[in-house]
Amino acid sequence: MAEELHYSTVVFKNPIVSLQKEKKEEETVYAEVKVKGSAVTQRNPATAVDERPALHCQPFRVVAVCLGVLCVLLVSAIIGLYVYFSTALSEHNTKLVRELEQLTDARAFLLAANQDLTNLNSNLSTANHIMQSDYSNVSTANLRLAAEKEALSRERDRLNWSLRFIYQFEDFPVSQYCSPKDDVGERKCNPCRSGWTLFQSSCYQILYPSNTWKTWEQSRENCKQNNADLVVIGNQKEQEFIHNHTQYYFDMHHGYWIGLSGIANISQWLWVNGSQQTDGFWKRQIGGHCVLTVPNNAPLANWNAESCSMLNRWICENRALIWSD
């Protein structure tokens with residue numbers, strides 16, 4: 001509803017001022033009265049400012065007080081929050097500083113531990129290198145000792161074999177194997193006695209024209225007197241060696257008795273050491289039970305079977321005075 005305005009005219013008469021009516025018009029003052037309910041608004045004619053009753057200003061004062069209280073509360077809340085967060089931030093910063101210090105200490109500890117581990121690893125590497133060197137030295141020493149042990153074992157076996165060889169003789173012919181003593185009383189010995197020829201690990205005595213011819217049995221007996229026996233030919237190299245060291249004599253039928261003979265009424269040939277002849281270098285297997293190697297024949301077609309009573313030269317064989325594996 002629109003506000004209702006009532007105007008009233010008030011005339012003030014002043015005796016002093018009435019004298020000046022000619023010069024000045026009569027002053028008219030209007031007072032505006034605003035009526036809204038029971039509230040009345042008056043205008044001060046001197047200041048032209050609305051003057052309201054005190055009752056009309058009280059709501060604004062309440063609002064101002066409320067706003068002031070709210071501002072105080074807001075400021076207090078802000079100050080409280082600031083203090084709270086400042087304290088929390090300070091504590092958090094302090095905690096972070098402590099944690100940083102702890103991390104720094106931990107980092108220093110880890111660095112020290114890492115340095116210790118590095119030193120330990122270096123020491124372990126050095127110790128491992130020393131152990132490997134010692135192991136290598138021990139392995140080398142073991143190998144050397146094993147080689148020396150094997151050499152001593154071989155020397156022992158050689159000496160034992162030499163003793164067994166010497167024990168075969170009733171009276172070992174030292175002068176036939178060894179030279180006379182030198183100035184310091186030592187002898188130099190050969191693997192074969194004087195007049196015998198060494199081939200591989202055996203010594204061979206091949207009888208030449210100065211010796212009397214003998215039968216197969218007489219030839220074998222002569223070999224036994226020298227701790228030997230008629231030769232046993234075991235391979236082609238030995239056959240070629242014998243053929244190269246025998247000489248043709250008298251005629252094409254004579255040769256040198258070897259240690260091979262046949263058993264009567266059985267087509268079987270046996271060596272004097274008891275082994276059976278399998279591969280041979282035959283030219284003729286008929287004509288007798290004892291075998292000759294004939295120089296006039298081909299090297300590998302060389303043997304002839306003849307009568308055991310035929311007189312011929314012969315070949316003796318014994319073990320050389322050397323030890324072999």
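None of the figures in this text is laboratory data; all of them are computed from the coordinates on show. Keep in mind it's a predicted model, so treat the numbers as computed, not measured. FYI the Cβ positions are ideal-geometry reconstructions off the backbone, even for glycines, and counts take in every protein chain you see.
Remark: for residue pairs LYS237/LYS283; LYS181/LYS214; LYS188/LYS224; LYS188/LYS214, the C-alpha separation exceeds 28 Å in LYS181/LYS214; LYS188/LYS214. Computing FRET efficiency as 1/(1 + (r/R0)^6) for SER275 and ASP157, where r is the C-beta to C-beta distance and R0 is 30 Å, gives about 0.75. Going 7 Å from the Cα of SER122 in the Cα-to-Cβ direction, what parts of region 93-112 have a backbone nitrogen less than 20 Å from that spot? Within reach of a label on SER122: 108-112. Hey, for a label at ASN211 modelled as a point 7 Å past Cα toward Cβ, could you say which residues of region 228-259 have their backbone N under 14 Å away? It comes to 228-232, 245-247, 255-259, nothing else. Count Lys and Arg as plus one, Asp and Glu as minus one, and take only other residues whose Cβ is under 14 Å from that of ALA298; the net charge is then +1. Spin-label model, GLN218 to LEU143: label points 7 Å out along the Cα-to-beta-carbon direction sit 6.2 nm apart.
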